[in-house]
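A short write-up of the structure that comes next.
Values quoted throughout were computed directly from the atomic coordinates according to the rules given, and no laboratory measurement underlies them. Every value quoted in this text rests on a predicted model; they were computed, and no experiment measured them. Every residue, glycine among them, receives a Cβ derived from its backbone with ideal geometry; neighbour counts consider all protein chains shown.
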Amino acid sequence: MAVSLLCCDWLKEYKTRHRVGIQIRGTVESISKRFFTEVPCVGQVLGDSFAEIKSLGMPEHFCEDELLFILNTDKRKSLTLKYYARKILYFLRQQNILRSLKTFLEQPEEQQSALEGAVLVDQYCNPLADVTLEGISVQLDEMVEKVKKTLRLKNPSHPSLRCAQGFFSSKAMSIPISLSVLYMTLSHKLGLHLEPVNFPNHFLLRWCQRPRGEGNEKSYQLLRDSLDLYLTINPDNVQYLLLQARLYFHLGIWPEKVLDILQHIQALDPSQHGAVGYLVQHTLEHIQHKKHPVTPDEKRRSAPEHVEVQYSVGLIMKHKRSGYNCVIYGWDPKCTMSQEWITTMRVQQLSKGANQPFYNVLVQDGTCRYAAQENLEPHSAPLEIGHPEVGRYFSEFVETHYVANEELEMRYPEDTRETLGKVHELYHGLSLDSGHQDQASNQPNHTTNM
């Protein structure tokens, strides 16, 4: 042990980690300026930033340690930094898991464990969760022992007690659909809601932690994960490759990866030249656009056309009709949605219709919505909004409201002062008044009854 300690240059490792930490933090801090103008997407892939981190040439666990350090600081502060650190860590781990899955698939079939394969799939879909093969194996062993203990008491002659460990292989399992239906039925009886997942050539279940809502982009993440996993197993399936390229192109993410996929498709099947050529052209245009991003228009509250806008970014609101809690991250003096959307959402039934300010809001249930001013009111007891995109727009939560990050503040340069004033009027002013009243009530009462 002493020899191994002497062989390690701890000072050199410390300096390396410190340098990597500075470089990682600098990369993460620069992302918001580059990605803020992109269309928000829960499943957004920061391929460019991942490439930058890889180019540092440092051990990946150094990078991961720094990203985890950023994520584990004060949860109410540095929200934008945490937002992009989480995305990079998510992507970094997914790429590592894909490599492990490819190694797993290269093994002879008789050496492949169904459990290990399932764990790798689970890890890929939930890369930030603490899921390990060792941990799952321990839990399964505990379950087996509990079942055997019960059998020994109630049925000592049961065949399961005579089976050697590992007797059942993955091929001895019943039909996946039958097992899933049975499992889903049992879970419903126990009050857990599961639903089937449309996975290529398979039948899976997923646990529904939250209700679906308008604007939820989680389906894109599930589709992307499914395609990535399927193409790891069948890397030359042209139709799925084309679907993957179209998905990435539609989401506007990782355009360099799209070009690689399209090149692979062209090599596999030259007859796809038309579809490939179209996507190549528009992907190159997207890359060029990213090099010269358009500066978003400023929205100043002092402008005459914005005189009816009552609320500002960062305020915690409550929807009067639907009852949901949300935070404002943008606004328009009038509804800017299409006529089809206006008709579908019955906007004309509102007292002021579409001719009133509308607000972009992040909702507690994880959705993004567009709400009319007459349907919103300041929350009586402001609380944090548990939405995955909060860090994209805000840097901090301070008791009653969110603080816009640098990019959002550039778009709404006069909203910060407006938000502070509104917060003081709604909450701090009220607390001051109540405090004065408390002090007054503690003073001797010199008045007489009238």
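Just grab the label-to-label distance for residue 377 and residue 158, each label 7 Å out from Cα along the Cβ direction, in nm (one decimal).
5.8
For the pairs 102/257; 87/318; 77/291, flag any whose C-alpha to C-alpha distance is greater than 23 Å.
87/318; 77/291
Which value, in debye to the nearest 20, gives the size of the charge dipole of the range 252-356 about its Cα centre, when Lys and Arg are +1 and Asp and Glu are -1 at the Cβ?
Value, rounded to 20: 700 debye.
Where the only charges are on Cβ atoms (+1 Lys, Arg; -1 Asp, Glu), what is the dipole of the range 236-294 about its Cα centre, to the nearest 20 debye?
240
From the cross-link list 320/422; 33/352; 299/320, which pairs have alpha carbons spaced over 28 Å apart?
Table pairs above 28 Å Cα-Cα are 33/352.
Based on other C-beta atoms within 10 Å, arrange 143, 317, 410, 345 from fewest to most.
143, 410, 345, 317
What is the mean projected area of the alpha carbon convex hull for the range 236-294, to one decimal in square nanometres?
3.7
Of 311, 410, 341, which is farthest towards the positive pole of the range 304-435's charge dipole, taken about the Cα centre with +1 and -1 on the beta-carbons of Lys, Arg and Asp, Glu respectively?
With unit charges placed on the Cβ atoms, the residue in question is 341.
Test of understanding: what is the full-extension gain from residue 286 to residue 267, defined as 0.36 nm times their sequence separation minus their Cα-Cα distance?
4.5 nm
So if I place +1 on the C-beta of Lys and Arg and -1 on the C-beta of Asp and Glu, and nothing else carries charge, what would the dipole magnitude of the range 304-435 be about its Cα centre? I want it in debye, nearest 20.
About 560 debye.
Taking the beta-carbon count within 10 Å as an exposure proxy, list 10, 254, 341, 331 from fewest neighbours to most.
10, 341, 254, 331
With 10 angstrom as the radius, rank 379, 289 by how many other C-beta atoms surround their C-beta, starting from the fewest.
In order of increasing Cβ crowding within 10 Å: 289, 379.
What aspartates and glutamates sit close enough to residue 149 to cross-link, taking a C-alpha to C-alpha distance under 13 Å and skipping anything fewer than 8 places away on the same chain?
Here the aspartates and glutamates satisfying the reach criterion relative to residue 149 are 141.
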